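Everything below concerns the one structure shown next.
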Amino acid sequence: RNSVRDHKSNIDLPQLVDSAKKSYSHGHNENKTLVNMFEWKCWNECSCLPPAQENSTDSKVTMHQSYKSSDPQTWQWGWKYQRQTWIDLHPDWRFIFWNDEQNHLLAKCTGYEDVLEGRSGIQQADLSRLLYLKEYGGLYADMDYISLRNHEQLYNLGRNQVNLQQILLQGREDQVIGFEWGYARNQQHPLWAFCLNMARGQKGDAKRKGCPIWYTGPKFLNRCVKKYFKKQGQELEQMVSYGQNDLVILEPKLIAPVRGDDFTSECGQWRNHTQDEVWSEWPKSSCMRYLNDIAAFAVTLYSHSWGEGLKC
């Protein structure tokens, strides 16, 4: 493996303040025509699926986001604005939004319908993001993720071989690996099929309707990555290249600078704010200054919409 431990934040990056002005000052025109937004015409046949892009580059990324409904009126507060930050900062990307029916179509058309069968909604959503990155490559991010900088800078960090990796995964402080954010430089990396086949082996309601953290979420992904790279019995590490430049788990400050259990820090407190407060005060907040200082590329406020009624 290749160590990339000496990655520091002293990389030549655009100032976060400039990105924030672009995102939050000009990003919320709901009538804006989105040239690169995939428009679903149907979702009852395989031909309805988005076509895979050939010769994708880091500046022409396909971004995937998902929720059970495509209707913004059903989304949690802030999501449509948070989604807009990605669009504003990455105008050349292609954006695909998936709902539950479209997730099922993708699974059916790629031979993984049985993997989703009998699972809770969040488990199906977790496994669908593996399918997105397998079939299309690109970036997946949860709906409550906010883009702070153009990610082309992140994908092409020449320092310490980050730019050579096929997969970048989100590292978290409260757990080594997360999957609220994930990037695949190319389609069809075998890791995704490997993880989907692991999930295929889970039988019965105890697993398929059990805690998603363990059976399809970060704990599952941790086990899958260890098994794929033959690291069972070892702890995964962040900012270390696994395989032949196959994968790096990023240090938390780059993508997940706020812990999932943080409600009290300068940034954690924003999880309790109202919609209007966030989008008028956020750009000049102490949290934003902190994110600028650590050169974060994105942040999630962890709405935990999946957790209602579930015991983990």
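The values are calculated or read from the model by the stated rules, or taken from the named source; none is laboratory data. All values reported here derive from a predicted model rather than from experimental measurement. Positions of Cβ are backbone-derived with ideal geometry, glycine not excepted, and every protein chain shown enters the neighbour counts. Surface areas here come from the heavy atoms of the whole protein model, side chains and all, with no ligands, DNA or RNA. Shrake-Rupley method; radii C 1.70, N 1.55, O 1.52, S 1.80 Å.
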ask   = For region 240-257, which residues satisfy the criterion of being under 23 Å from Tyr302 (Cα atoms), part of a loop (DSSP other than H, G, I, E, B) and either out of contact with any helix residue (DSSP H, G or I) (no Cβ under 9 Å at 6 or more places or on another chain) or open to solvent by 10 Å² or more (accessible area, probe 1.4 Å) (or both)?
value = Glu251, Ala256, Pro257
query = Does Gln269 qualify as being surrounded by fewer than 17 Cβ atoms within 10 Å (Cβ to Cβ) and part of a helix (DSSP H, G or I)?
reply = yes
Hits in region 184-196 - residues which are in contact (Cβ under 8 Å) with a residue 60 or more places away in the chain and outside any loop (DSSP other than H, G, I, E, B) = Trp192, Cys195, Leu196
request  = Could you please give the count of residues in region 137-151 that are among the aromatic types (Phe, Trp, Tyr) and farther than 15 Å from Gly217 by Cβ?
outcome  = 1
ask   = Taking interchain pairs and intrachain pairs at least six residues apart, which have beta carbon atoms under 6 angstrom, with the first residue in region 222-235 and at pLDDT 95 or above and the second among the aromatic types (Phe, Trp, Tyr)?
value = Tyr228/Phe194; Phe229/Tyr242
request  = Take Lys209 and decide whether it is under 24 Å from Gly260 (Cβ atoms) and touching a residue at least 40 places away in the same chain (Cβ under 8 Å).
outcome  = yes
